[in-house]
Structures are given as structure tokens and as C-alpha cells.
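Structure first, commentary second.
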Amino acid sequence: MNQRLNRLVSFLSETIDYFLHKIEGVDRDRYFADRDIRNILDKSINDIILCIVDISEEMLKGHKRNIPETYKDTILACYEFVGDIALKIAPLVKHRNETIHQYLKINWQNVITVKDRLPDIREFIGKQKK
């Protein structure tokens, strides 16, 4: 694994741990009421998804493949390297876009969706290491 890929994987693992620590004890009401926690969780989602895209790009470059134009297609293009897990995590891009563009009414659901997909993201990390 190249050095950049190693750094990205480390950053992703650390960010997942940070996200899990910060979401502990947070419910929908606190998410809406506490701007600081909302910003932390939203930023963490952004970091997680963009890091997955960066890792996907590195995988594609390493196999001398073209990088698609959209984040979702970039993740899906890694299907041959990571299998079905690409299909499970690619839709998370939608949740990142909604969260970052401040669609407050649905942000809490996006936080929960990403939290529920963390095992899939960890599986993605494990598969790309191979």
C-alpha cells in the first residue's frame, strides 16, 4: 500500500472513532439543539465520505484506471477490487451532499444512516488493504 493510501486509511479510521465518540448519547433533539455537536457530526460525515472517495481514487490510480467524474461513480468503479461493499457504501455520497448543503430537516437521518454503515466502511478499509 502506498504512503498516501496509508495516511488516508489512518485518517478514516481515526475519524470513524472520533465520530462514534462524539455521537455517544446524542439523540435527535440534542442534535437539533446543540449547534456544536451538529457541526462536529456533519463535518465528520463529510470527512468520512470524502476520505472514502480519496481512497477509491488511489485504488483506481494504482490499477491504472480512469477516475470517474462523480464521487459515487468513483466508489462504484472500485467494485472489482472490493466487491459488493462498493455497492453498499457508494450511496452514502448522497447523505454527505445533503448534510453539507445544510438540509437541516433530514440531517439527523443522514447521521444515523452513516453511523449504521460504519461496519460497511470498516469492511471497505479491510478489503482495500488487500
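Here is a yes/no grid of residues against (1) of a type outside the set (S, T, N, Q); (2) within 18 Å of SER13 (Cα to Cα); (3) loosely packed, with under 14 Cβ neighbours inside 10 Å:
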position	(1), (2), (3)
ASN46	no, yes, no
MET59	yes, yes, no
HIS63	yes, no, yes
ILE85	yes, yes, no
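Within region 91-111, take every residue that is among the charged types (D, E, K, R) and over 11 Å from the mean Cα position of the chain (by Cα) and give me the one that is modelled with the highest pLDDT.
The qualifying residue modelled with the highest pLDDT is GLU98.
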Checklist entry - Do we find a residue being surrounded by 14 or more Cβ atoms within 10 Å (Cβ to Cβ), in contact (Cβ under 8 Å) with a residue 60 or more places away in the chain and not aliphatic (A, V, I, L, M) anywhere in region 88-107? => result yes
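Could you count how many residues in region 18-32 are open to solvent by 90 Å² or more (accessible area, probe 1.4 Å) and farther than 21 Å from ILE125 by Cα?
4
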If you go through ASN66, ASN110, the only one that is touching a His at 6+ places or on another chain (Cβ under 6 Å) and more than 18 Å from GLY126 (Cβ to Cβ) is ASN110
Expected single match for of a type in the set (Ser, Thr, Tyr) and either in a loop (DSSP other than H, G, I, E, B) or under 20 Å from LYS127 (Cβ atoms) (or both) among THR15, THR99 is THR15
When every residue in region 52-82 that is among the aromatic types (Phe, Trp, Tyr) and farther than 15 Å from ARG96 by Cα is compared, the one modelled with the lowest pLDDT is PHE81
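The values are calculated or read from the model by the stated rules, or taken from the named source; none is laboratory data. All of these numbers come straight from a predicted model, not from anything done at the bench. A quick note on method: Cβ atoms are made from the backbone with ideal geometry, for glycine too, and the neighbour counts reach across all protein chains shown. Protein only, heavy atoms only, side chains kept; ligands, DNA and RNA dropped before computing areas. Shrake-Rupley method; radii C 1.70, N 1.55, O 1.52, S 1.80 Å.
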